[in-house]
Amino acid sequence: IVVAFGAEYFSLDPLRRLWDVLFIAIVGAAVVGFWRYCGATPGKIAVGVKIVDARTGDIPSTGRLVLRFVCYLLSALPLYLGFLWAAIDRRRQGWHDKIAGTIVVQDPD
């Protein structure tokens, strides 16, 4: 980690932590914005899939999409098992999708 991010990564400086939080907030807003207004991020758009509400098939609420983004951490923490789970799940949902009530489907457009 030090090689990739430098020794400052482990700093307890409050200003450094503030910048980290701001960065995550900006990235999160961009990702949730793409999900909300485009149905997917550019990578998902490129492969022709989109995110929908698992029960209705409609566009998920913004709150559900924010929850999905926050739950990415839960999917990533244990060696990315939450993302790999989609490979064996019947509905192809990762942990973040299950928690947020979303599903990734082929985009019919």
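List of remarks:
- Converting phi to 3J(HN,Hα) with the Karplus coefficients 6.51, -1.76 and 1.60 and the offset θ = phi - 60°, the range 93-109 yields 9, x, 4, 5, 5, 4, 5, 7, x, 10, 8, 9, 10, 5, 7, x, 6 Hz in sequence order, with x at every glycine or proline.
- Accessible area in the full protein assembly, largest first, 1.4 Å probe, for T62, T102: T62, T102
- Count Lys and Arg as plus one, Asp and Glu as minus one, and take only other residues whose Cβ is under 9 Å from that of D89; the net charge is then +3.
- Rounded to the nearest 10 degrees, the inclination of helix 14-38 to the longest alpha-carbon principal axis of the chain is 10 degrees.
- ³J(HN,Hα) computed for each position of the range 57-67 - Karplus, 6.51 cos²θ - 1.76 cosθ + 1.60, integer Hz, glycine/proline x: x, 8, 5, x, 5, 4, x, 5, 6, 5, 4
- Computed over the chain with a Gaussian network model linking Cα atoms closer than 10 Å, the most mobile of L65, L22, L12 is L12.
- Computed over protein heavy atoms with a 1.4 angstrom probe, the accessible surface ordering of S75, S11, largest first, is S11, S75.
- Nitroxide proxy distance, nm - points 7 Å out along Cα→Cβ at L79 and R17: 3.0
- Solvent accessible area, Å² - R36, 1.4 Å probe, full protein context: 80
- Model label zone, V70; criterion: amide N under 15 Å from point 7 Å along Cα-to-beta-carbon; scope the range 7-40: 25, 28-29, 32
The values are calculated or read from the model by the stated rules, or taken from the named source; none is laboratory data. This is a predicted model, so every value here is computed, not measured. Because the Cβ atoms are built from the backbone with ideal geometry, glycine has one as well, and the counts that use them run over all protein chains shown. Surface accessibility is based on the protein's heavy atoms, side chains included, excluding ligands, DNA and RNA. Shrake-Rupley method; radii C 1.70, N 1.55, O 1.52, S 1.80 Å.
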